[in-house]
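The values are calculated or read from the model by the stated rules, or taken from the named source; none is laboratory data. The shown structure was predicted, so the numbers you read here are calculated from the model rather than taken from an experiment. All Cβ positions, even for glycine, are placed from backbone atoms using ideal geometry, and neighbour counts span all protein chains on display.
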C-alpha cells in the first residue's frame, strides 16, 4: 500500500522550527528532521553511526564515552550499574553531544535493562514521536523496529497495557515494517472499542483516517479528541486542516483560530496567523 504524501501544518511547522532536540534525564525529547549521521536510504548500521558520531567528538569527550562503553560491557558489574551507565550515555548524547540516534539507542538499552512495563512504554513512545517526523527511510525503519521491540516487551510484562497496544498499532501504521497497515488500525480499534473515551486511541484513529483519505471519519475522531481534551493543540490543528481539505472554510477557520489560543510558540503562531489570513480572503 503506497503511503499518501501527507504533511500536516503541524508537522511542517515543527520540522522547520525544531532544529535541535532537547532531552532531560527522563528522556523527554523534541527532535528535528536534521540529523548528524547520514546512513544510506536502504539500511542503517548502528555501529557505524555510533563510530561516526564518536569520531566527531573532542578527544576528552571521546575518551569519556569509550570509558562508559567499557563499563557497560563489563560483565562483572551489577544490573543497576549497567542501567545507570546506559542512562549516563543517553544523557551525554542528548545533553552534551546532541546527537539523536546514539541518544535514542542508549535510552532504549537502559529501558531494556531495567525491563519495567512503565519505562519500556515511555521510551517506546519517544521513538514513536520521533518516527512520525523523520523523513529518512532508513532511520524511520530503525526507529520503528526499536519502538516495536519496546512495546512488545512491555506487553509481555502486561498484556493489558493499552498504552503499549496503541503504540504498537501506531508503529505498524507509520513505521513501514508491515505490509498490512490495517494490522495497526485493528490494534488501535481494540482499545477504542473497549474505551471510547481513550483520547489517544481516538487521535491515532483520526490520523489513520486522514492518512487514508477518509476525511469525514477523521473529522469525527478529531472532534472527539477535542471534546475529551479541549487543550489538545495538535488535535485542533489537525481538525482545522481536515476541514480545510474538505472545503469547509468556515469550520477550518474556527479550529485554526482555536489553535492560536492553545499555542505559545511565536514562530508557530506567526505561521498560523498567516494561514488564517489566507483563508479569510
Check whether at least one residue in the stretch 159-176 is surrounded by fewer than 18 Cβ atoms within 10 Å (Cβ to Cβ) and farther than 18 Å from residue 118 by Cα, and report yes or no.
-> yes
Do we have any residue at all in the stretch 139-158 that's part of a loop (DSSP other than H, G, I, E, B), more than 28 Å from residue 203 (Cβ to Cβ) and at pLDDT 95 or above?
-> no
Can you confirm whether the stretch 117-132 contains a residue that is outside any helix (DSSP H, G or I) and modelled with pLDDT under 95?
-> no
Residues that are free of Cβ contacts under 8 Å to residues at least 24 places away in the same chain, farther than 22 Å from residue 61 by Cβ and either touching a helix residue (DSSP H, G or I) at 6+ places or on another chain (Cβ under 7 Å) or part of a helix (DSSP H, G or I) (or both), drawn from the stretch 78-87 | 80
Would you mind telling me which numbered condition in (1) within 23 Å of the chain's Cα centre (by Cα); (2) over 18 Å from residue 214 (Cβ atoms); (3) touching a residue at least 60 places away in the same chain (Cβ under 8 Å) residue 259 fails?
-> (3)
Is it true that some residue in the stretch 91-108 is in a helix (DSSP H, G or I), over 21 Å from the mean Cα position of the chain (by Cα) and surrounded by 17 or more Cβ atoms within 10 Å (Cβ to Cβ)?
-> no
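Results for (1) under 30 Å from residue 212 (Cβ atoms); (2) in contact with a helix residue (DSSP H, G or I) (Cβ under 7 Å, 6 or more places away or on another chain); (3) modelled with pLDDT under 95; (4) surrounded by fewer than 17 Cβ atoms within 10 Å (Cβ to Cβ), shown as yes or no for each residue.
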{"position": "19", "(1), (2), (3), (4)": "no, no, yes, yes"}
{"position": "44", "(1), (2), (3), (4)": "yes, yes, yes, no"}
{"position": "47", "(1), (2), (3), (4)": "no, no, yes, yes"}
{"position": "59", "(1), (2), (3), (4)": "no, no, no, yes"}
{"position": "89", "(1), (2), (3), (4)": "no, yes, no, no"}
Do the conditions hold for residue 54, that is, is it at pLDDT 90 or above, crowded, with 16+ Cβ neighbours inside 10 Å and assigned to a helix (DSSP H, G or I)?
-> yes
Within the bounds of the stretch 102-113, is there any residue that is over 24 Å from residue 158 (Cα atoms), at pLDDT 95 or above and touching a helix residue (DSSP H, G or I) at 6+ places or on another chain (Cβ under 9 Å)?
-> yes
Got a number for residues in the stretch 78-87 being crowded, with 22+ Cβ neighbours inside 10 Å and within 19 Å of residue 149 (Cβ to Cβ)?
-> 1
Residue identified as free of Cβ contacts under 8 Å to residues at least 60 places away in the same chain, under 30 Å from residue 279 (Cα atoms), surrounded by 18 or more Cβ atoms within 10 Å (Cβ to Cβ) and over 15 Å from the mean Cα position of the chain (by Cα) among 202, 229, 214 | 202
Does residue 183 satisfy the condition of being assigned to a helix (DSSP H, G or I), touching a helix residue (DSSP H, G or I) at 6+ places or on another chain (Cβ under 6 Å), surrounded by fewer than 19 Cβ atoms within 10 Å (Cβ to Cβ) and free of Cβ contacts under 8 Å to residues at least 40 places away in the same chain?
-> yes
Taking the stretch 113-126 as the search range and keeping residues that are surrounded by 18 or more Cβ atoms within 10 Å (Cβ to Cβ) and touching a residue at least 40 places away in the same chain (Cβ under 8 Å), which one is farthest from residue 58 (Cα to Cα)?
-> 121
